[in-house]
Every structure is written in C-alpha cells, then in structure tokens.
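*Asks:* My questions will all concern the structure given below.
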Amino acid sequence: MLFLLCCSTIFLVCGFSEKDMMTRIAGITNSPLIRASDITVAYGDEIILKNVSLDVYQGEILAILGRSGCGKTTLFRALIGLLELKGGEIFVDGEKCPSIVEGGPKDLMKKIGVLFQSGALFSSMTIAENIALPLIQYSSLPHELIEKIVALRLAEVGLAGHAQSFPSELSGGMQKRAALARAMALDPKMLFFDEPSAGLDPVTSAELDETIMAINRELGTTIIVITHELASVSRIAHRIIMLDGQEKGIIAEGTLAELKSVENDKRIRDFFAVLN
Ligand SMILES: Nc1ncnc2c1ncn2[C@@H]1O[C@H](COP(=O)(O)OP(=O)(O)OP(=O)(O)O)[C@@H](O)[C@H]1O
Ligand SMILES: [Mg+2]
C-alpha cells in the first residue's frame with residue numbers, strides 16, 4: 001500500500017495519469033503473463049514478423065495498432081499458438097506454448113478466450129449452444145452447470161433472454177457480444193480480440209468498450225485487442241504497440257499520449273494524422 005502511495009505521488013508529480021501509473025507499476029512488479037521472445041513468423045517463404053519480442057502483463061489492456069496487412073492478426077495467432085514459429089519462443093503463464101506442429105495449445109486454450117476478426121458464431125447453433133461449445137470441448141462439467149455458466153455469461157454481456165436465438169436473429173453488435181460471451185465461457189485469464197468494433201456504430205462500439213473495460217476491471221482479465229478505432233484505443237488501452245509491415249515488427253510502444261507525441265518517426269506521425 002505504501003509502495004502504491006509512493007508511486008502515486010511520484011507519478012502525479014511527474015504528470016503521468018493514474019492509468020499510466022498503474023500500467024507502469026504492473027510492468028515493474030509483475031512477471032509477464034505472455035512473453036514472446038524473438039519470434040519469427042512466415043507464411044511459406046514470406047516472413048511477416050521478424051525477431052519480434054513482446055511482454056504482456058497481468059491485468060493490462062494492450063492494444064495492437066498498425067496499417068492493414070502489417071501482421072497484427074498474424075501476431076495475434078502466433079501468440080495463441082496457432083501458427084508455427086520459424087524462430088523464437090512464446091511463454092504463456094510461465095509455460096512454453098506448444099506450437100501447432102507439437103499438437104497445438106489445447107491446455108493453453110483453456111486460459112485464453114478469443115474473438116477472431118471474423119467473429120464467427122456457428123450459424124446453425126443457437127447463441128446458448130455457441131457459448132456452451134468451449135465448455136463442452138475443454139471441460140467435463142455436467143450439462144446443468146454448463147447451462148448455468150451460459151446464462152451467467154449471457155447476462156454479463158447484456159444478452160439475457162437471447163439464449164435460444166440464432167445468430168442471424170441478432171444485430172451485428174449483439175452478435176459481437178455473443179461472441180464475447182463465448183470467448184469468456186471458460187473464465188479465461190486472457191482475452192484476445194481482433195477488431196471487436198469493426199462494423200459497429202460509434203455508440204454500440206462504445207458500449208462494447210464498456211463491457212470490455214468492466215471485464216478487465218471486475219475480473220482482472222488481461223486483454224489484448226487489435227483495433228483501428230482511435231476512440232476505442234483512447235477509452236480502453238493501458239498500453240499500445242504499433243507494428244509495421246516493412247519493419248516486420250514493433251516500431252513503437254507506449255501510451256496513446258506518448259505515441260501521438262512522437263515527432264521523429266514519419267510512419268507513426270502519418271498513422272495518427274490520418275486517424276485524427
Ligand atoms: N494464411 C495466410 N497465408 C498467406 N499469407 C497470409 C495469410 N494470412 C495473412 N497473410 C499475409 O500476411 C500479411 C499480414 O496479414 P495479417 O492478416 O496479419 O494483417 P493485419 O495487420 O491483421 O491486417 P488487417 O488490418 O487488414 O486485418 C499480409 O500480407 C497477408 O496477405
Ligand atoms: Mg487482421
């Protein structure tokens with residue numbers, strides 16, 4: 001407590017916000033929940049990420065930014081063990097992430113909830129069946145308990161009463177929230193979102209951000225989110241990394257204010273100039 005108070009004073013004197021402060025404290029005191037060490041990822045001979053290192057800390061919301069095609073989804077898929085690494089290693093929660101050729105990350109997937117870019121729910125299944133799927137796949141919980149968890153997850157994302165609907169009967173924003181409920185089904189330590197607000201109107205997008213922040217705040221879930229929405233980044237991200245396709249890796253890391261104030265890198269300046 002004393003440590004927090006001291007840090008609070010130091011950071012306030014230095015002009016950092018409380019959000020900056022908590023992120024920096026997390027970086028100082030916690031070992032990373034995810035550590036990517038010098039990873040290289042390629043599709044065939046085409047290298048997309050070269051010697052990339054990244055730490056993700058417990059309890060933070062990390063946003064991944066960068067131009068289309070720079071490798072955000074590729075990094076995302078690599079971090080959850082869905083791609084074979086050409087080099088380097090990934091550790092999740094202290095354990096080396098087995099690559100797809102080593103049988104894949106089945107155990108790790110219990111700790112990770114994922115909302116893919118396509119967000120795809122299975123259209124032939126009800127919302128409840130979609131959310132129950134990871135519970136059936138990765139746990140041996142009895143049917144009655146699974147039903148209770150599904151109801152709880154639906155309530156958490158504001159979709160109570162829609163358990164028996166099919167995805168096509170929900171709006172785009174509701175489908176995203178249903179996919180979020182499915183990602184949270186196993187009460188994961190980490191949630192990965194690939195462009196959760198794509199295709200949503202600004203108000204629905206802000207509501208989804210509120211849900212994401214509430215999950216982070218109330219459950220302490222570590223969240224990695226890829227997004228092109230600057231408003232969303234400014235609302236939810238504690239820390240940002242920016243990828244660049246030519247560099248094949250990370251060209252900037254920091255808070256939004258820090259990245260927006262970069263003057264000596266045209267790639268970063270141009271990115272924020274267009275987004276503004
Ligand atoms: N399965 C694949 N096979 C071959 N090349 C791929 C594959 N997936 C992605 N790529 C290529 O890798 C590069 C990075 O793609 P990625 O999907 O990671 O980009 P991104 O930053 O997520 O882009 P966006 O913002 O458009 O989603 C692109 O050049 C893309 O064409
Ligand atoms: Mg992508």
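The values are calculated or read from the model by the stated rules, or taken from the named source; none is laboratory data. Computed from a prediction, not measured in an experiment: that's the story for all the values here. Don't worry about glycine lacking a Cβ; one is built from the backbone with ideal geometry, like all the others, and counts go over all protein chains shown.
*Asks:* Kindly evaluate Gln117 against the criterion of being within 16 Å of ligand 1 (Cβ to nearest atom), farther than 23 Å from Gly220 by Cβ and either polar (S, T, N, Q) or not in a loop (DSSP other than H, G, I, E, B) (or both).
*Replies:* Values: within 16 Å of ligand 1 (Cβ to nearest atom): yes; farther than 23 Å from Gly220 by Cβ: yes; either polar (S, T, N, Q) or not in a loop (DSSP other than H, G, I, E, B) (or both): yes.
When the stated conditions are applied, Gln117 passes them.
*Asks:* Criterion first (without any contact (Cβ under 8 Å) to a residue 60 or more places away in the chain and assigned to a loop (DSSP other than H, G, I, E, B)) does Ser168 satisfy it? If you could, list the steps in order and put the result at the bottom.
*Replies:* Numbers: without any contact (Cβ under 8 Å) to a residue 60 or more places away in the chain: yes; assigned to a loop (DSSP other than H, G, I, E, B): no.
So Ser168 does not fit the description; no.
*Asks:* Can you give me the ranges of the strands (runs of 3 or more DSSP E) entirely in the stretch 201-270 with at least 1 residues that are away from ligand 1 (no atom under 16 Å from the Cβ) and free of Cβ contacts under 8 Å to residues at least 40 places away in the same chain? Step through it out loud before you land on a result.
*Replies:* Working: elements: 222-226, 239-244, 249-254.
Once the strands (runs of 3 or more DSSP E) in the stretch 201-270 are filtered for at least 1 residues that are away from ligand 1 (no atom under 16 Å from the Cβ) and free of Cβ contacts under 8 Å to residues at least 40 places away in the same chain, what remains is 249-254.
*Asks:* Something else now. Looking only at the stretch 215-247, filter to residues that are within 16 Å of ligand 2 (Cβ to nearest atom) and surrounded by fewer than 19 Cβ atoms within 10 Å (Cβ to Cβ); which one of those is modelled with the lowest pLDDT?
*Replies:* The residue in question is His228.
*Asks:* Can you give me the number of residues within the stretch 33-90 that are at positive phi, surrounded by fewer than 17 Cβ atoms within 10 Å (Cβ to Cβ) and within 13 Å of ligand 2 (Cβ to nearest atom)?
*Replies:* Final tally of qualifying residues: 1.
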